[in-house]
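Accompanying notes for the structure given below.
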Amino acid sequence: MKNIRVLLIVSSIIVILSCKKNATVAISATIHLDSTATVGIHIVDKDGRSLYYFANDVNGVSNCTGGCLATWTPYYADTTSATFSSDLTAADFKTKITGAGTYQTTYKGWPLYYYTPGGIMEPIGQTAGEGIGGNWFVAKTNYSITVANFQLTGLNGVNYLSNYTPGNGLTNYLCDDKGHTLYFFAKDSAYKNKFTKADFSNNLTFPIYETDNITVPSTFDKTLFAVVTFNGKKQLTYKGWPLYYYGADSLIRGSNRAVNFPATQPVGSIWPVATKDAVLAPR
């Protein structure tokens, strides 16, 4: 009888330990969310290390090469076997092959990185890489605005610099969370959409950026964004400028072909890309 009682106790301990082990596995997601006072809720790896995206990668290609890799290490988790916390959507994560032939995990098309200054992994729970160079930001699930740092190329196939003269060079501008370019309409005034017709019959040409969410990188002043209502639709504005997509960009990441539209007007004079340092919209 005593032996039976001992056996039952041992069996119970084994069951309890097994349950604890399984519970740990169930909640220990490969990729999950964390929060800090500085940047708020953002995506981290299984150990709680922050993951970042690079504005130069707006086209979905890993453009951090050479010396850049000494500070930013590509993040990879096999998405076929990775686990995700319930507040993340597994389909948003993909695996790509970098130019160096290595694997890298992407989120909503953005390649993900660790911040590794001097080759040293950033400590768990820190976000010191946020905003570096105006081009590196923690990955979030709910950005309404992100940043692209990319070549401007018009409908005519000509490359342009930030001042809209022909040339090869990167321009820093606003895009949505999936890398789709956002524009200003030069004829708008503060918080007033003067392009879109009341019946939205021309909305396919330059669709308004519809959202009532304002979640932006920490390098931006959130108070400079506002949501206005245009004929029942919510349109995001920045510094008073209503924001638009360009239909002919066809939701291609990094495409910014409206800069020379219409062809009869000076480049960038009517539909410039939306930039952080833009002047306030006129009243």
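The values are calculated or read from the model by the stated rules, or taken from the named source; none is laboratory data. Because the structure is predicted, anything quoted here is derived from the model rather than measured. No Cβ is skipped: glycine too gets one built from the backbone with ideal geometry, and neighbour counts run over all protein chains shown.
With respect to the conditions (1) assigned to a loop (DSSP other than H, G, I, E, B); (2) surrounded by 15 or more Cβ atoms within 10 Å (Cβ to Cβ); (3) not small (Gly, Ala, Ser); (4) not assigned by TED's automatic domain parsing to the domain that holds ILE208, ILE124 falls short on a single one, namely (2). Taking the criterion of being assigned to a strand (DSSP E or B) and either more than 21 Å from SER189 (Cβ to Cβ) or at pLDDT below 95 (or both), no residue of segment 218-229 qualifies. Scanning segment 95-152 for residues that are touching a residue at least 24 places away in the same chain (Cβ under 8 Å) and of a type in the set (Gly, Ala, Ser) turns up GLY99, ALA100, GLY109, GLY118, GLY119, GLY125, GLY129, GLY131, GLY134, ALA139, SER144, ALA148. Taking the conditions exactly as written (within 22 Å of LYS178 (Cα to Cα) and among the polar types (S, T, N, Q)), does SER86 satisfy them or not? So SER86 fits the description; yes.
Checking the stated criteria, TYR164 turns out to be in a loop (DSSP other than H, G, I, E, B), among the aromatic types (Phe, Trp, Tyr) and within 20 Å of TYR246 (Cβ to Cβ). Scanning segment 257-280 for residues that are in a loop (DSSP other than H, G, I, E, B), over 22 Å from the mean Cα position of the chain (by Cα) and buried (at least 18 other Cβ atoms within 10 Å of the Cβ) returns PHE261, VAL267, GLY268, ILE270, TRP271.
Scanning segment 167-191 for residues that are surrounded by 15 or more Cβ atoms within 10 Å (Cβ to Cβ) and either part of a strand (DSSP E or B) or modelled with pLDDT under 95 (or both) yields a count of 8. Mind checking whether some residue in segment 98-106 is assigned to a loop (DSSP other than H, G, I, E, B) and within 19 Å of ALA82 (Cβ to Cβ)? For segment 98-106, residues assigned to a loop (DSSP other than H, G, I, E, B) and within 19 Å of ALA82 (Cβ to Cβ): present.
Has segment 7-30 got at least one residue that is out of contact with any Leu (no Cβ under 7 Å at 6 or more places or on another chain) and at pLDDT 85 or above? Yes.
Any residue that is of a type in the set (Ser, Thr, Tyr), over 18 Å from PHE261 (Cβ atoms) and within 12 Å of the chain's Cα centre (by Cα) - is there at least one of those in segment 144-155? Show your work before the answer.
Keep residues of segment 144-155 that are of a type in the set (Ser, Thr, Tyr), which gives 144, 146, 153.
Within this subset, residues satisfying the condition of being over 18 Å from PHE261 (Cβ atoms) are 144, 146.
Applying the additional criterion that residues be within 12 Å of the chain's Cα centre (by Cα) yields 144, 146.
Checked against the condition, which is being of a type in the set (Ser, Thr, Tyr), over 18 Å from PHE261 (Cβ atoms) and within 12 Å of the chain's Cα centre (by Cα), segment 144-155 yields at least one hit.
What number of residues within segment 78-119 are surrounded by 14 or more Cβ atoms within 10 Å (Cβ to Cβ) and at pLDDT 90 or above? Break it down stepwise before answering.
Quick first cut of segment 78-119, residues surrounded by 14 or more Cβ atoms within 10 Å (Cβ to Cβ) only: 79, 82-85, 88, 92-96, 98, 103-116.
Imposing the further condition that a residue be at pLDDT 90 or above reduces the set to 83-85, 88, 92-96, 103-116.
Of the residues in that region, 23 qualify.
Taking the conditions exactly as written (farther than 23 Å from VAL273 by Cβ, at pLDDT below 95, in the same structural domain as ALA82 (by TED's automatic domain parsing) and not hydroxyl-bearing (Ser, Thr, Tyr)), does GLY129 satisfy them or not? No: the conditions fail for GLY129.
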